[in-house]
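Working notes for the structure below.
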Amino acid sequence: MKLDQKQHIVAELHEKFAQSKVVIVTDYKGLDVAALTDLRRKLQEADVEYKVVKNTLMTRAAQDTDVDVIRDSFKGPTAIALSYDDPVAPAKLLTDFAKENEKFEIKIGVMDGKPLDLDGIEALSSLPSREVLLGQVLSAMNGVPTGMVRVLNAIPQQFVNVLQAISDQKEAA
């Protein structure tokens, strides 16, 4: 590979590292092409980028980004998953894939400049997706006005019930 190609790859990867919300480093050694293609397809459907780049180029691209804290993990066959929107999606997909394929290994990750070990990535994968969380927030926000309308509507209803009871008592007497 020529020097200008390497510089272009490093610059492009540096920009992707700077924009990403989460970066997860994996070891794909021992996987066959079909399994790796299946993983790439699943990640692409979730808007997650999965790249295999030389470790020296990744180390250079990581400088002055949040990924710099985990650059020592760029050893051996290394691929990275980058997500720009939803940090939960790649963690969920990669942990599920690792459970199905024993040879696939999640090494480490980084989110907001803080390294994530395997336990941290598994904890992240157990969170609901961004869409589900937004739905829960919207449901909670919608529940407050609905409850208030019900309470305000119950006051006149109870007043009418009291008047009806008084009327029924006077008729009976």
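Residue 96 meets the stated requirement of being surrounded by 10 or more Cβ atoms within 10 Å (Cβ to Cβ), within 16 Å of residue 46 (Cα to Cα) and out of contact with any Pro (no Cβ under 7 Å at 6 or more places or on another chain).
The single residue among 132, 149, 137 that is farther than 23 Å from residue 17 by Cβ and more than 22 Å from the chain's Cα centre (by Cα) turns out to be 149. For residue 159, the criteria (1) loosely packed, with under 11 Cβ neighbours inside 10 Å; (2) of a type in the set (Phe, Trp, Tyr); (3) closer than 16 Å to residue 50 by Cβ hold in every case but one, which is (3).
Yes/no matrix, rows are residues, columns are (1) at pLDDT below 80; (2) within 30 Å of residue 68 (Cα to Cα); (3) surrounded by 10 or more Cβ atoms within 10 Å (Cβ to Cβ):
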{"residue": "114", "(1), (2), (3)": "no, yes, yes"}
{"residue": "117", "(1), (2), (3)": "no, yes, yes"}
{"residue": "120", "(1), (2), (3)": "no, yes, yes"}
{"residue": "130", "(1), (2), (3)": "yes, yes, yes"}
{"residue": "133", "(1), (2), (3)": "yes, yes, yes"}
{"residue": "145", "(1), (2), (3)": "yes, no, no"}
{"residue": "172", "(1), (2), (3)": "no, no, no"}
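Restricting the first member to region 45-62 and to residues that are among the aliphatic types (A, V, I, L, M), and the second to residues that are part of a loop (DSSP other than H, G, I, E, B), the beta-carbon pairs closer than 6 Å and six or more apart or on different chains are 58/74. Taking the criterion of being of a type in the set (Phe, Trp, Tyr) and within 20 Å of the chain's Cα centre (by Cα), the residues of region 14-53 that qualify are 17, 50. Quick check on residue 66: is it crowded, with 19+ Cβ neighbours inside 10 Å and of a type in the set (Asp, Glu)? So residue 66 passes the test.
The values are calculated or read from the model by the stated rules, or taken from the named source; none is laboratory data. All of these numbers come straight from a predicted model, not from anything done at the bench. Reconstructed Cβ throughout: ideal geometry from the backbone, glycine too, with neighbour counts over all protein chains shown.
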